[in-house]
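Notes for the one structure printed next.
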Amino acid sequence: MTETDTQAPTLAGLFQGFLILGLTGFGGVLPLARHMVVEKQRWLTGTEFTELLGLCQFLPGGNIINLSVAIGLRFHGVRGAMAALVGLIAAPLAVVLALGVVYARYRGDPHVVHMFAGLAAAAAGLLVSMAIKIALPLRRKPVSIALAVIVFTAIAGFHLPLVPTMLVMAPISIFTVMKVRA
């Protein structure tokens, strides 16, 4: 496939592609999304995907959600955005609703209590794994590590609100890292 060899998806294709993504991905779905969009379905080139992802990272919300909306919007406007978004969130939403029904009905059953404790442990493990993956590139950057520790301490240690802390620390971090590189 050349860099310009792409195929526009149908509305059904958008829904189905993102539905499969929502069914198969828990947390780290971005590499799967790139594989589906660029290599398997050929909706975008690698460069187009990277540029669109870069834009989506600046928008509030989850990158993959923003990406699904942006891809749908690009090909079929608002209807495409809705098809991609609904496809992406339909399966996880159904799972969460089903688990909520099970919990509401059987929350006193020790088996269900243990099952939800196991799910909580798995979620915590995924969170720790993602934190490690994000932190690994920083291991040779002491200034970045120090900034991350300051933010973590402010939020987790001193219980400062997330948004104001990030609004203060983001420009400080950018300025500091730019000065260190210069």
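Structure summary
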quantity: Inter-label distance for Leu97 and Ile155, nm, one decimal - labels placed 7 Å from Cα along Cα-to-Cβ; calculated: 3.1 nm
quantity: Separation between Cα centres of segment 51-125 and segment 18-48, rounded to whole Å; calculated: 15 Å
quantity: Computed E for Thr47/Ala104 - FRET, C-beta separation, R0 41 angstrom, nearest 0.05; calculated: 0.30
quantity: Rounded, prolate or oblate (a/c below 1.5 giving rounded, otherwise prolate when a/b exceeds b/c) for the chain by Cα gyration tensor; calculated: oblate
quantity: Prolate/oblate/rounded label for segment 1-107 (Cα gyration tensor, a/c 1.5); calculated: prolate
quantity: Trypsin sites (Lys or Arg not before Pro) restricted to DSSP loop in segment 128-168 with at most 14 other C-beta within 10 Å; calculated: Arg139, Arg140
quantity: Under the span-like rule (Cα at least 18 Å along the axis, Kyte-Doolittle mean at least 1.6), DSSP H helices of the chain; calculated: 11-24
quantity: Qualifying lysines (Cα of each under 26 Å from Cα of Lys141; at least 8 residues distant if same chain); calculated: Lys133, Lys179
quantity: Ellipticity estimate at 222 nm from DSSP helix runs (n ≥ 4, -39,500 (n - 2.57)) divided over the chain, nearest 500; calculated: -25000 deg cm²/dmol
quantity: Cα gyration tensor shape of segment 137-182, rounded if a/c is under 1.5, else prolate or oblate by comparing a/b with b/c; calculated: oblate
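No lab work stands behind these numbers, since they all come straight from the coordinates. Note that the structure is a prediction, hence the values are computed from the model and not measured. Neighbour counts run over all protein chains shown; Cβ positions are idealised from the backbone, glycine included.
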